[in-house]
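Right, one structure below, let's go through it.
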Amino acid sequence: QVQLVESGGGLVQAGGSLRLSCAASGRIFSINNMGWYRQAPGKQRELVAAVISGGSTNYADSVKGRFTIARDNAKNMVYLQMNSLKPEDTAVYYCYAKLKRPGEFLYIDYWGQGTQVTVSS
């Protein structure tokens, strides 16, 4: 079994910072992409940031310059440092990993349970 467990969400005032962490555990052979999506009430889930196995990163335009994604391949962890938070960043943040289990051919997306981030004005 594979599990992704997020931590670090919470309530913060506008302009503040939070750091999200996500740990992937279980029978994992290889991880390709890891990253974060978010979903605000009444909106579709959107990509926030991602990092691929080679280290390249991708950010949503709305978070560029404020959020930083980092990955620890040895620990199968991904982090999201969120600075200068705005009320519009309020959402449930989901960790994901595109990974392959031992003996499998395809990389498959796995998701965490989500962590709430609320930014007050």
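The values are calculated or read from the model by the stated rules, or taken from the named source; none is laboratory data. Given the structure is predicted, the values throughout are model-derived calculations rather than measurements. A quick note on method: Cβ atoms are made from the backbone with ideal geometry, for glycine too, and the neighbour counts reach across all protein chains shown. Protein only, heavy atoms only, side chains kept; ligands, DNA and RNA dropped before computing areas. Shrake-Rupley method; radii C 1.70, N 1.55, O 1.52, S 1.80 Å.
Scanning the range 1-10 for residues that are farther than 19 Å from residue 70 by Cβ and touching a Leu at 6+ places or on another chain (Cβ under 9 Å) yields a total of 2.
Residues in the range 20-30 that are surrounded by 14 or more Cβ atoms within 10 Å (Cβ to Cβ) and farther than 16 Å from residue 94 by Cβ: 28 only. Restricted to strands (runs of 3 or more DSSP E) entirely inside the range 44-118, those with at least 1 residues that are in contact (Cβ under 8 Å) with a residue 40 or more places away in the chain and open to solvent by 20 Å² or more (accessible area, probe 1.4 Å) are 77-82, 91-100, 108-111.
Within the range 3-18, being more than 26 Å from residue 76 (Cα to Cα) and either of a type in the set (Gly, Ala, Ser) or open to solvent by 30 Å² or more (accessible area, probe 1.4 Å) (or both) holds for 11, 13, 14, 15, 16. For the range 92-116, the candidate set comprises residues that are hydrophobic (A, V, I, L, M, F, W, C) and under 12 Å from the mean Cα position of the chain (by Cα); within that set, the residue that is farthest from residue 65 (Cα to Cα) is 111.
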